[in-house]
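The values are calculated or read from the model by the stated rules, or taken from the named source; none is laboratory data. The shown structure was predicted, so the numbers you read here are calculated from the model rather than taken from an experiment. Because the Cβ atoms are built from the backbone with ideal geometry, glycine has one as well, and the counts that use them run over all protein chains shown. The accessibility values were calculated without ligands, DNA or RNA, using every heavy atom of the protein model including side chains. Shrake-Rupley method; radii C 1.70, N 1.55, O 1.52, S 1.80 Å.
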Amino acid sequence: MDIILASSSPRRRELLASAQLDFSTLNVDIDETPYDNESPKDYIERMVATKAKAAIQQLNDLLQTNKDNFSEPLIVLTSDTIGVLPDGRTVLVKPMDREHAYSMWQQMSDSVHEVWTAVQATQVALRPKLAQTPNHKQTLQVVKQQQITERTEVTFIPLTAAMMSDYWDSGEPADKAGGYGIQGLGAAWVSRINGSYTNVVGLPLAQTVALIKEMR
Ligand SMILES: Cc1cn([C@H]2C[C@H](O)[C@@H](COP(=O)(O)OP(=O)(O)OP(=O)(O)O)O2)c(=O)[nH]c1=O
């Protein structure tokens, strides 16, 4: 069973590699803008499903040009990480700019928020060749798919304007949901977590390995 991690996140790649799984990677780029009043659950499930569709489209395009067939079955892994405020509705995504980061951090200061990571495993296989059209280009079809969403509570210490300014200037917040990296400088803002640490970083590793095993 081949695995493709459809993610450009260096953290996800490192985490999956640490599970000693062989996999290849693919970058998918989708519009991650939440819909108006979209619930965190609907948003994160839509993100991983949309990333999976984009990845399969790319693989089909590759199939048309690349004569070698994929070894089957193939599992495509997609993931998405968000923060969720105690109101259970406000989604924290990557900061658009300094002001956006500050507005998120002010709501996260000295309180508990959740980090949710959804993972979708999509098993794909080549459609059987259509006998009557021998030159029919083969495409991949979805055999089955499964999603999991893991939640971790994260408690922030009280944040000052100086702390926020220094952290933004570090550059670390820019590509991270909620504008922080618990695995980096952001660790200094976290007084405790309740749940999976790897889930906060961007891939709940034990749960992802279990999901892959289930699909095999
Ligand atoms: C909360 C938190 C998030 N993150 C990262 C994980 C994700 O890479 C990122 C959330 O953005 P995502 O959109 O989930 O992922 P991505 O855009 O980085 O990669 P792709 O969509 O290609 O899979 O935030 C950390 O690295 N540390 C943290 O503590």
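Of note:
- Residues that are acidic (Asp, Glu) and in contact (Cβ under 8 Å) with a residue 40 or more places away in the chain, drawn from segment 90-112: Asp110
- Single match in Ala125, Ala174, Ala162, Ala187 (criterion: away from the ligand (no atom under 14 Å from the Cβ), of a type in the set (A, V, I, L, M, F, W, C) and part of a helix (DSSP H, G or I)): Ala162
- Remark: Arg216 falls outside the filter, which requires a residue to be closer than 19 Å to Trp116 by Cα, basic (Lys, Arg), out of contact with any helix residue (DSSP H, G or I) (no Cβ under 7 Å at 6 or more places or on another chain) and more than 13 Å from the ligand (Cβ to nearest atom).
- Only residues that are closer than 21 Å to Lys41 by Cβ and open to solvent by 30 Å² or more (accessible area, probe 1.4 Å) were counted across segment 92-110, and they come to 3.
- Scanning segment 35-74 for residues that are in a helix (DSSP H, G or I) and either open to solvent by 20 Å² or more (accessible area, probe 1.4 Å) or not hydroxyl-bearing (Ser, Thr, Tyr) (or both) yields a total of 25.
- Take the conditions (1) over 12 Å from the mean Cα position of the chain (by Cα); (2) near the ligand (Cβ under 8 Å from one of its atoms); Ser8 misses just one of them, which is (1).
- Residue in segment 131-146 that is within 16 Å of the ligand (Cβ to nearest atom) and either surrounded by 15 or more Cβ atoms within 10 Å (Cβ to Cβ) or at pLDDT below 95 (or both) present: no
- Among (1) at pLDDT 95 or above; (2) open to solvent by less than 50 Å² (accessible area, probe 1.4 Å); (3) touching a strand residue (DSSP E or B) at 6+ places or on another chain (Cβ under 7 Å); (4) not in a helix (DSSP H, G or I), the one test that Leu211 misses: (4)
- Flag for Asp31 being without any contact (Cβ under 8 Å) to a residue 40 or more places away in the chain and away from the ligand (no atom under 16 Å from the Cβ): no
- The residue pairs whose first member lies in segment 183-203 and is aliphatic (A, V, I, L, M), whose second member is assigned to a helix (DSSP H, G or I) and buried (at least 18 other Cβ atoms within 10 Å of the Cβ), and whose beta carbons are closer than 7 Å, counting only pairs six or more residues apart or on different chains, are Leu185/Tyr167; Ile193/Val200; Val201/Arg11; Val201/Leu15; Leu203/Arg12; Leu203/Leu15; Leu203/Leu16.
- Condition check for Ser191: hydroxyl-bearing (Ser, Thr, Tyr) and open to solvent by 60 Å² or more (accessible area, probe 1.4 Å): yes
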